[in-house]
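Data block below; observations after.
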Amino acid sequence: MREFSLIYLNGIRKEVRGIEALLMLGDWLRKEVGLTGTKIVCAEGDCGACTVLRAFPQGKSNSIQFEAINSCITTVAQMDGSHLVTVEGIQNGDELSPVQKAMRECHGSQCGYCTPGFVMALTGALEKHQSLDAKTACNYLTGNLCRCTGYQPIIEAALSAKQSEDHSVSKRYLKKEATSELIQKQRDSVLIKNGFSTFFAPATLEEAVHFASENPGFKVIGAATDLGVQTNKGKPLPKNLLSLHLISELYEVRKENKRIMVGARVTLSQLRREVEKTNPEFARFLNLFASPQIKNAATLVGNIANASPIGDTLPFLLVSRGKVHAVSIEDGAVKRREISFPDLFLGYKKLALEPSEIITHVSFDETSQNQILKIYKVSQRKDLDISTVSGAFLLKTVSQGTGKKIEEARLAFGGVAATPVRLPEAEKALQGKVLDSKLIQEVSELIGKTIAPQTDLRGSKTYRKVLAMNLFKRYGREVLHG
Ligand SMILES: Cc1cc2nc3c(=O)[nH]c(=O)nc-3n(C[C@H](O)[C@H](O)[C@H](O)COP(=O)(O)OP(=O)(O)OC[C@H]3O[C@@H](n4cnc5c(N)ncnc54)[C@H](O)[C@@H]3O)c2cc1C
Ligand code: FES
Ligand code: FES
């Protein structure tokens, strides 16, 4: 058992213990290590000023690559087993990195507060692409805000920066010896206490379920993109935190009988890459989820277990026959159970999980050739925003004359009730019919009569109702006219 989080920070080995380990990474970098280049501005994952690069040897294959994450909403303890690179680590000797040089030459910085975040996000992008076109650069920068220069000079810098061997952070920092030690240390469970909270990262699932049964009220900590925001807003960290980051089987995405099985540690970025062929519409939709920094850390399981009625992946999981796979302990042995999606949601933020249950996997259907699936999200701005209403619609059709006869219909919405919902009445109204404009209108009106959304800051109940009806109309028209 280790009592510390092991990190290689800009190539320097660090064992972080006790109170320091349960600080937010950004605060620790600035206040404890003195690396003040990383800025904390929003402390909510929204602005990217705190971006650092993280590489973690993960899963059974120990695959490893640097990716940008937000350091303001993750604890140091969660970084156990990682290489981390901050803005101080990208200059090589006296020579600025290609991104730093380009930002200077293109005048991409004024007040400079956001600059380290932009530089790190672009450095992460250049680790994957040798150079960037405008679309790729903008995608990598959706998680970064600059309030004073405007974005044009920053995009120009992104377009002119080229990766150089001497500055590649992978080449400079992924040293064999250090990575081997990180991998080897993954075999030891970690227990860190700070006087108030306990952070436990077991090396096996058996240890995890024992901890869960012995510590009522424990919380699994995924990437903490939800939990970390709550903590920064003043809610203390839960007393007993359970991190599953050392359990290699939970990093897997595998295909089983036309279903996709996703481990609890799989990030949304990894998921997007893995389901591009099996669930292309879901992969496309994940592009609209948060920012690269959030997706490089946040898990699919966290999005589900957070139990928000506007969790973006939930309508898709409802129409794709999603299930969660949970474990707990019974009579000293590991007990496994599956819960199907409609049964998972009991009420606002309330799931049908036993207090000591941990989700290990989520599974869902591969999208088949004869299914027409579309997923929509309406939010106040296109990128990096939470949904007001979201919808996933799936029709299985057969050709009939010149039309399409519906064999099966599944419709689901987020943001129109206390939980994400399927709409059985509207589904029944579509079943066995040939899709045409009249049917689309009728079903849209039925949707309006069936749902009873609430008014909140994101939209009134009337607005949400109209959005839901219009999303279905849009889907219907896209199915009819392409
Ligand atoms: C800037 C920003 C943008 C965001 N954008 C979006 C967005 O566009 N769409 C969207 O839907 N969400 C968004 N979110 C919310 C959040 O990123 C997602 O819900 C994310 O998927 C949560 O994953 P996580 O691993 O960080 O969960 P965590 O914060 O670690 O955990 C969330 C909850 O799940 C529980 N949990 C985690 N793993 C398990 C497990 N294995 N078993 C049981 N319980 C578990 C935790 O105890 C906690 O209650 C955003 C958040 C931020 C900060
Ligand atoms: S400080 Fe804004 S995302 Fe971290
Ligand atoms: S230079 Fe980005 S906010 Fe000022």
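What residue among 293, 267, 306 has its Cα farthest toward the positive end of the dipole of region 258-309, where the charges are +1 on Lys, Arg and -1 on Asp, Glu, each on the Cβ?
267
Applying the Karplus parametrisation 6.51 cos²θ - 1.76 cosθ + 1.60 with θ = phi - 60° to the phi angles of region 418-433, what ³J(HN,Hα) value in whole Hz is obtained for each residue in order, glycine and proline being reported as x?
3J(HN,Hα) across region 418-433, in whole Hz: 5, 10, x, 9, 8, 10, x, 5, 5, 4, 5, 5, 8, 3, x, 9.
Along Cα→Cβ, 7 Å out, is where each label goes; now give me the distance between the ones at residue 60 and residue 366 in nm to one decimal.
1.9 nm
May I ask you to give the percent of accessible area on region 8-175 that is carbon plus sulfur, with a probe radius of 1.4 Å? Mind dumping the intermediate values first?
Numbers: 3300 of 6790 Å².
Within region 8-175, the accessible surface is 49 percent carbon and sulfur.
Would you mind putting 81-93, 179-191 in packing order, based on average other-beta-carbon counts within 10 Å, highest first? Display every interim value, and only then the final one.
Values: 81-93: 20.7, 179-191: 16.3.
So the peptides 81-93, 179-191, ranked by packing, come out 81-93, 179-191.
Over the Cα atoms of region 196-367, how large are the radius of gyration and the largest Cα-Cα distance (Dmax), in Å?
15.5, 46
If packing is taken as the average count of other Cβ atoms within 10 Å, what order do 72-78, 267-273 fall into, highest mean first?
Numbers: 72-78: 27.6, 267-273: 20.4.
With the highest mean Cβ count within 10 Å placed first, the list reads 72-78, 267-273.
If R0 is 60 Å, what FRET efficiency do you get for residue 337 and residue 166 from their C-beta distance, rounded to 0.05?
Numbers: r = 53 Å, r/R0 = 0.88.
Between residue 337 and residue 166 the formula returns 0.70.
How large is log10 of I(q)/I(0) for the chain at q = 0.13 Å⁻¹ when the intensity is taken from the Debye formula with one equal scatterer per alpha-carbon?
-1.24
Let's see if you can work this out: charge +1 on each Lys and Arg Cβ, -1 on each Asp and Glu Cβ, no other charges. What is the dipole magnitude of the chain about its Cα centre, in debye to the nearest 20?
Details: 63 positive and 51 negative charges, 239 e Å.
Taking the Cα centre of the chain as origin, the dipole is about 1140 debye.
D for region 129-232, whole µm²/s, Stokes-Einstein with Kirkwood Rh over alpha-carbon pairs at 37 °C and 0.692 mPa s: what number? Show your work: numbers first, answer last.
Values: Rh = 18.5 Å.
For these conditions, the coefficient is 177 µm²/s.
Based on alpha-carbon positions alone, could you give the equivalent ellipsoid semi-axes of region 267-381 from the gyration tensor, as √(5λ), descending, whole Å?
Numbers: eigenvalues 129, 52, 42 Å².
Values for region 267-381, descending: 25, 16, 14 Å.
Putting +1 on Lys and Arg Cβ atoms and -1 on Asp and Glu Cβ atoms, find which of 444, 212, 89 reaches farthest to the positive end of the dipole of the chain.
So the residue furthest toward the plus end is 444.
Go ahead and collect, in residue order, the members of region 20-64 whose backbone nitrogen is under 19 Å from a label point 7 Å along the Cα-Cβ direction of residue 13.
Zone members listed by number: 55-57.
Placing +1 at every Lys and Arg Cβ and -1 at every Asp and Glu Cβ, with all other atoms neutral, what dipole size does region 264-356 have around its Cα centre, in debye to the nearest 20? Before the final figure, lay out each step's value.
Values: 13 positive and 9 negative charges, 42 e Å.
The calculation lands at about 200 debye.
Report the FRET efficiency, 1/(1 + (r/R0)^6), for residue 442 and residue 284, where r is their Cβ-Cβ distance and R0 is 22 Å, rounded to 0.05.
Details: r = 29 Å, r/R0 = 1.31.
Result of the calculation: an efficiency of 0.15.
Expressed as a rounded percentage, what relative contact order does the chain have, with Cα pairs under 8 Å and six or more residues apart?
Numbers: 1036 pairs, mean separation 55.6, N = 482.
Contact order relative to length: 12 percent.
How high is the relative contact order of region 1-155, in percent, with contacts defined as C-alpha pairs under 8 Å that are six or more residues apart?
Values: 271 pairs, mean separation 39.8, N = 155.
Computed over region 1-155, the figure is 26 percent.
Please give the length that would be gained between residue 135 and residue 461 if that part of the chain were fully extended, namely 0.36 nm times their separation in residues minus their C-alpha to C-alpha distance (nm, one decimal).
Numbers: separation 326, 0.36 × 326 = 117.36 nm, distance 3.58 nm.
Computed gain between residue 135 and residue 461 is 113.8 nm.
DSSP loop trypsin sites (Lys or Arg not before Pro) in region 354-445 with at most 12 other Cβ atoms within 10 Å of their Cβ, which ones? Show your work: numbers first, answer last.
Numbers: sites: 374, 377, 381, 382, 396, 404, 405, 410, 422, 428, 433, 438; in loops: 381, 382, 433.
Sparse-neighbourhood loop trypsin sites (Lys or Arg not before Pro): 381, 382.
Normalised by the empirical 2.2 N^0.38 Å for globular proteins, what value does the Cα Rg of region 371-481 take? Display every interim value, and only then the final one.
On the way: Rg = 14.0 Å, N = 111, 2.2 N^0.38 = 13.2 Å.
Compactness ratio reported: 1.06.
Rounding to the nearest 20 debye, state how big the charge dipole of region 124-266 is about its Cα centre with +1 on each Lys and Arg Cβ and -1 on each Asp and Glu Cβ. Intermediate values should be presented prior to the final figure.
Working: 20 positive and 15 negative charges, 60 e Å.
Approximately 280 debye in magnitude.
With θ taken as phi - 60° and the coefficients 6.51, -1.76 and 1.60, list the Karplus ³J(HN,Hα) couplings across region 438-455 in order, rounded to whole Hz; mark glycine and proline as x.
Computed from phi, the couplings for region 438-455 are 5, 5, 4, 4, 4, 5, 4, 5, 5, 4, x, 7, 7, 8, 9, x, 9, 7 Hz.
Looking at 103, 283, 73, which one has the Cα that reaches farthest to the positive end of the dipole of the chain (charges on Cβ: Lys, Arg +1; Asp, Glu -1)?
Towards the positive end, the residue furthest out is 283.
Among the listed pairs 377/404; 255/323; 404/465, give every one whose C-alpha distance is greater than 18 Å. The partial results should precede the final answer.
Working: 377/404 26 Å; 255/323 14 Å; 404/465 27 Å.
Among 377/404; 255/323; 404/465, the Cα-Cα distance tops 18 Å for 377/404; 404/465.
The values are calculated or read from the model by the stated rules, or taken from the named source; none is laboratory data. Here the structure is a predicted model, which is why all the values come from computation and not from measurement. Cβ coordinates were reconstructed from backbone atoms using ideal geometry, including for glycine residues, and neighbour counts include every protein chain displayed. Note: areas computed on protein heavy atoms with side chains; ligands, DNA, RNA excluded. Shrake-Rupley method; radii C 1.70, N 1.55, O 1.52, S 1.80 Å.
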